[in-house]
Amino acid sequence: MTKRIRFFDTTLRDGEQSPGCSMNHREKLMMAKQLEKLGVDVIEAGFAAASPGDFKSVKTIAEGITNSTVAVLARTVKGDIDKAWEAVKGAKKPRIHTFIATSGIHMEYKLKMSPEEVADRAEEMVAYARSLCSEVEFSAEDATRSNTDFLSEIFDRVIQAGASIINIPDTVGYTTPDEFYAFITEIKSKSKYLNDVEISVHCHNDLGLGVANSLAAIRAGATQIECTVNGIGERAGNAALEELAMILAVRGDTYDARSGIVTQEITKTSNLLSSITGVNVQPNKAIVGANAFAHESGIHQHGVLSNRETYEIMTPESVGLGNNSLVLGKHSGRHAFRDKVVSLGYEIDDEQLNIVFAEFKSLADKKKQIFDRDIEILLTKGIKESRDYYKLERFVINSGNTITTTASVVLDTPQNKKEGISFAQGPVDAAFKAIEQCIDRKIFLEDYSLQSITEGADALGYAVVKLRYKDRHFVGRDASINVVEASINAYINAINKLMREDDKEAESESIAV
Ligand code: KIV
Ligand code: ZN
């Protein structure tokens, strides 16, 4: 019988740990709702014990999601498990996902624990988690570099203690498909109870094998795969959800397996993540890259026009492409705009709607044609956590190819207005320097990118700024037809994020004193 493979999405936990992919509370909730629409079986909402912000995000997601299971990560530490349960207990289908490392190198150098201590701790904490939550997943971190006798012993013990999902992670992306197949088969043959529970895998992509290893695991009996949208994650990322979903949709016959993913939601989910994080996928990325369905060469175009299947193994529609329809114009009212937002699958409150509608009106005055993608960008850029410290009041740039560019930027701050004046070779550089004069923090610009959202000279320019402050990274984003304005606001957005963090730290220090 065709196996149903469960998709465990860890975009909001493992994915969010990757540089530049951090999301705020509301962005995570928006992403979680879209993941639910995409049909993922399990949403890993975060690591509740990591910070009060993570705790709050897990709790909100747990309470806002109906169909998918909401999982929360915890080390095999009582305090972590307590926090995890506190955060996830409001979910309709809660799961505690607890882990400990099992490889020799991790046990000796990271945990400084013997294998016996690790197995005892795992068993004890799984039992504790199970006393709180009806569904417990156990992960053996760095499993693929662990001993199979030890793994089968620890798995049997945690299964008896109440774990019903056993995850075998390739934490450092080291294994290969044939090896992983043999590895899982060997553990299964050595374990008494592994065949009675769900086997899960979690493959990192360091050697580019995350997806291939997950497929090998399916052949070996895994029925849950852990993955992320666009393959984001630590280092080279995790197995890409969209690739696994489409492999099962197109070639499920070779695995005798299928998923519950609503593939028509893939493009939207990928775009939403890129809009939120500002991290775009490469153009030739399978399934969601801009060129994935483009046929440039004349021979291909000719073939596709005669019969699409000459060069297309799946249709753009099957991944939800081709719906970037022309939408409203400048005469559209608030009601029509709200309908459009709802039809795009977004849920926003009245306050947010007012902000985004005002932005839409101003965009519609400047841009002839507004597409779904433009609206999506407006929607994601409108998500703010709380008040802004700095607001752009005005800027003036004087630039040309025969003069030095000068910039004057005036910022509104809670106390007063501040003006910075600077000059540089180009308008963005000059404007950023002028902004730096207005703030009393030493920040470093690490990255800046500008990209057009749709076609045409009047396309929205989407600016992403990454800055470093006290060894932490903050990403700011903004979109506007005026690309200098988008860049300035993206910079200010990143600065506002660091100001909020700084304030939170100062608050917790004063409480500690
Ligand atoms: O990569 C890994 O091993 C993990 C575990 C916590 C599942 O992310
Ligand atoms: Zn991982």
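The values are calculated or read from the model by the stated rules, or taken from the named source; none is laboratory data. Predicted, not measured: the structure shown is a model, and the values here were computed from it. Here the Cβ is made from the backbone with ideal geometry for all residues, glycine too, and neighbour counts use every protein chain on show. Side chains included, ligands, DNA and RNA excluded: accessible areas come from the protein's heavy atoms. Shrake-Rupley method; radii C 1.70, N 1.55, O 1.52, S 1.80 Å.
Just a few scattered comments:
- Here the condition is being more than 16 Å from ligand 1 (Cβ to nearest atom), open to solvent by less than 10 Å² (accessible area, probe 1.4 Å), within 29 Å of Glu36 (Cβ to Cβ) and in the same structural domain as Thr171 (by TED's automatic domain parsing); of Ala129, Ala140, Ala119, Ala87, it holds for Ala87 alone.
Let's see how each residue does on (1) open to solvent by 20 Å² or more (accessible area, probe 1.4 Å); (2) modelled with pLDDT of 95 or more; (3) touching a strand residue (DSSP E or B) at 6+ places or on another chain (Cβ under 8 Å):
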| site | (1), (2), (3) |
| --- | --- |
| Leu207 | yes, yes, no |
| Ala212 | yes, yes, no |
| Met246 | no, yes, no |
| Ile266 | no, yes, no |
| Ala290 | yes, no, no |
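- Condition met for Ala62 (touching a Pro at 6+ places or on another chain (Cβ under 8 Å) and either without any contact (Cβ under 8 Å) to a residue 60 or more places away in the chain or part of a helix (DSSP H, G or I) (or both)): yes
- Options Glu198, Glu186, Glu179, Glu153: the member that is under 16 Å from Cys227 (Cβ atoms), away from ligand 2 (no atom under 16 Å from the Cβ) and at pLDDT 95 or above: Glu198
- Given (1) open to solvent by 70 Å² or more (accessible area, probe 1.4 Å); (2) within 23 Å of Lys366 (Cβ to Cβ), number of the condition Gln415 does not satisfy: (2)
- Among (1) modelled with pLDDT under 90; (2) open to solvent by 30 Å² or more (accessible area, probe 1.4 Å) - the single one Leu445 does not satisfy: (1)
- Considering region 219-244, the residues that are crowded, with 23+ Cβ neighbours inside 10 Å and in a helix (DSSP H, G or I) include one that is farthest from ligand 1 (Cβ to nearest atom), namely Glu242.
- Among residues of region 306-319 that are modelled with pLDDT under 90, those with a beta-carbon under 9 Å from a residue that is of a type in the set (A, V, I, L, M, F, W, C) and open to solvent by less than 40 Å² (accessible area, probe 1.4 Å) at least six positions away or on a different chain give the pairs Thr310/Val304; Tyr311/Val304; Glu312/Phe293; Glu312/Val304.
- Flag for Ser422 being touching a residue at least 40 places away in the same chain (Cβ under 8 Å), touching a Lys or Arg at 6+ places or on another chain (Cβ under 9 Å) and within 25 Å of Val475 (Cβ to Cβ): no
- Within region 31-57, tally of residues that are closer than 23 Å to Ser259 by Cβ, part of a helix (DSSP H, G or I) and open to solvent by 20 Å² or more (accessible area, probe 1.4 Å): 3
- Restricting region 5-30 to residues that are within 16 Å of ligand 1 (Cβ to nearest atom) and in a strand (DSSP E or B), the residue that is surrounded by the fewest Cβ atoms within 10 Å (Cβ to Cβ) is Arg6.
- Region 386-412, subset open to solvent by less than 70 Å² (accessible area, probe 1.4 Å) and at pLDDT below 85, residue nearest to Ala494 (Cα to Cα): Asp388
- Count of residues meeting criterion [more than 16 Å from ligand 2 (Cβ to nearest atom), part of a helix (DSSP H, G or I) and out of contact with any Pro (no Cβ under 9 Å at 6 or more places or on another chain)] in region 88-122: 12
- Among the candidates Ala240, Ala222, residue that is assigned by TED's automatic domain parsing to the domain that holds Lys188, over 14 Å from Thr10 (Cβ atoms) and small (Gly, Ala, Ser): Ala222
- Identity of the residue in region 182-216, within 14 Å of ligand 1 (Cβ to nearest atom) and assigned to a helix (DSSP H, G or I), that ends up nearest to Cys21 (Cα to Cα): Gly210
- Counted residues, region 451-500 - those being touching a His at 6+ places or on another chain (Cβ under 8 Å) and among the hydrophobic types (A, V, I, L, M, F, W, C): 1
- Residue in region 162-172 that is open to solvent by less than 20 Å² (accessible area, probe 1.4 Å), closer than 30 Å to Ala290 by Cα and either assigned by TED's automatic domain parsing to the domain that holds Ala122 or within 16 Å of ligand 2 (Cβ to nearest atom) (or both) present: yes
- Count of region 2-50 residues, restricted to those that are over 12 Å from the mean Cα position of the chain (by Cα), at negative phi and of a type outside the set (Phe, Trp, Tyr), is 17.
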